[in-house]
Every structure is written in C-alpha cells, then in structure tokens.
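Asks: Have a look at this one.
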C-alpha cells in the first residue's frame, strides 16, 4: 500500500507538534469515551492520554515515525476500516479528511465502527485567511479538496460545528498556523510541513510578493490589526457528530 505521506511526510514529526490548546478542544469533544479510533493518525498528533487509542494510518512511513509509546497503529484506509460495528466509544480524525479518496465512504465507516461521538478537526473552504491574498492557489485547492461544512450533516446527520481559534504561537505547523509569523512562509522547510504546498504550482510569484511586502512594511500596514490578536479565526473547525443509540 502506498500513500501520499510516504513522500511528503519528511519533516512532519518535527514541524507538526500538537498544540496543547487545540488538543484540549479535541479531548473535551471526545467526552467520556474510553476507546477511541484515530483515523488518518499520522505520527500521533492529538491522540489523547488516558484513553485506549487505536490508530489507523495508510502511510507506512508515517507509522514508522510514530514515537515510542504511541498508540498501536494499523495500516488501512478510512474507507475500509478493519473493525467490527460499534467497536469504539468515539472516533477522531485530525486534519486528514481532505486526503481521503472517498470522503463520504470514510465517514460512513467512522459511523459504522463508532457508537459514540465522532470528532473531526477540519477546515471551512469558504473561509479566506490572509495568506490566500498572496496565494489564491491555496483557496482554489481548499475548495477542491475540503468538504463544505454542509456536507458533514448530509453524511453524518446532525453535527455541531465549533470554531477552533489558532494561537499566535501555535506549535502545530499546519497551513495557516503562521498567521502572525508571515516570514515563516518564506522558509521552504516550514512549507514542507504542509501538504498544500506540495500540491500547488506557481507559488513563487506570491511568495516573492509576500517577501517584498514584509521588507517594505506593506504587510504590517495592511494587516496591522493582527498584531493585537492572540488568536485568529483561520477557518479551522471542529465538527462533532453525537453518538448513536
């Protein structure tokens, strides 16, 4: 089995360290669940302590990068989970659904194997963080690969959608995490931690313009209001589907 992150997960464990403030939101949404399946688990970010976690990850390379003591991992796809019906108290999937070949089938599988809540950290493709002013290719990619917020209710039934504020010093280097650290986007190593930068073409012009605006002070003037913010609504959302009877 091959997977995208066999190639692009080079610096993932180093650059994608879970942020404790976001982790607390995920953990709270899991409620009292004792057994949790984590689908698209990667290197284990946001897997809660004190629960029995089973990780599912299609990329063998990412499984190999899981630290010692991490939850056991099964190499499998979201759309074909090798578990019995209602095997888990809860399910979680963190910034992964946009990589699933069949998103509806994957969520149906999560619902099949989970008797309690399903917790998804995802992104609202209707949102436009400031970085898309420089790289409209990112907005186009978000629209192409991210489910619309309305899709989750169609596929899972009633859901609650919660905003996930991104701290200015977020330790998890996902795409829009550096909203108050714009110079980070000029670093190829930082960009390598986000799958989106592996998937778009023609980013050089936008990044060059960002570099010029940072040097001239134009970025600071245009986005002066961000300097006073400790958190930013970058479009990340926690989608929570309740348990089933």
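The values are calculated or read from the model by the stated rules, or taken from the named source; none is laboratory data. Note that the structure is a prediction, hence the values are computed from the model and not measured. Heads up, the Cβs are rebuilt from the backbone with ideal geometry, glycines too, and the neighbour counts pull from every protein chain shown.
Asks: Take the residues in region 221-245 that are free of Cβ contacts under 8 Å to residues at least 40 places away in the same chain and either within 27 Å of residue 22 (Cα to Cα) or under 22 Å from the mean Cα position of the chain (by Cα) (or both); name whichever of them is surrounded by the most Cβ atoms within 10 Å (Cβ to Cβ).
Replies: Of everything passing the filter in region 221-245, 224 is surrounded by the most Cβ atoms within 10 Å (Cβ to Cβ).
Asks: OK, next. Output yes when any residue across region 183-202 is in contact with a strand residue (DSSP E or B) (Cβ under 6 Å, 6 or more places away or on another chain) and surrounded by fewer than 19 Cβ atoms within 10 Å (Cβ to Cβ), and no when none is.
Replies: Scanning region 183-202, I find no residue that is in contact with a strand residue (DSSP E or B) (Cβ under 6 Å, 6 or more places away or on another chain) and surrounded by fewer than 19 Cβ atoms within 10 Å (Cβ to Cβ), so the answer is no.
Asks: Something else now. Name the single residue, out of those in region 110-139 being out of contact with any helix residue (DSSP H, G or I) (no Cβ under 9 Å at 6 or more places or on another chain) and within 27 Å of residue 24 (Cβ to Cβ), that is surrounded by the most Cβ atoms within 10 Å (Cβ to Cβ).
Replies: Of everything passing the filter in region 110-139, 114 is surrounded by the most Cβ atoms within 10 Å (Cβ to Cβ).
Asks: For residues in region 161-196 being within 14 Å of the chain's Cα centre (by Cα) and part of a helix (DSSP H, G or I), which is modelled with the lowest pLDDT?
Replies: Restricting to residues being within 14 Å of the chain's Cα centre (by Cα) and part of a helix (DSSP H, G or I), the top hit is 195.
Asks: To continue, here is another question. Take the residues of region 141-150 that are touching a residue at least 12 places away in the same chain (Cβ under 8 Å) and surrounded by fewer than 17 Cβ atoms within 10 Å (Cβ to Cβ): which is nearest to residue 115 (Cα to Cα)?
Replies: Checked region 141-150; the qualifying residue nearest to residue 115 (Cα to Cα) is 148.
Asks: If you don't mind, another one. Answer yes or no as to whether residue 106 is in contact with a strand residue (DSSP E or B) (Cβ under 8 Å, 6 or more places away or on another chain), in a loop (DSSP other than H, G, I, E, B), in contact (Cβ under 8 Å) with a residue 24 or more places away in the chain and under 26 Å from residue 76 (Cβ atoms).
Replies: Answer is no for this residue.
Asks: Out of the residues in region 67-93 that are part of a loop (DSSP other than H, G, I, E, B) and under 17 Å from the mean Cα position of the chain (by Cα), state the one that is farthest from residue 122 (Cα to Cα).
Replies: Filtering region 67-93 for residues that are part of a loop (DSSP other than H, G, I, E, B) and under 17 Å from the mean Cα position of the chain (by Cα), the one farthest from residue 122 (Cα to Cα) comes out as 77.
Asks: Mind listing whichever residues of region 94-103 are assigned to a loop (DSSP other than H, G, I, E, B) and either crowded, with 18+ Cβ neighbours inside 10 Å or within 15 Å of the chain's Cα centre (by Cα) (or both)?
Replies: Within region 94-103, 95, 96, 100 meet the criteria.
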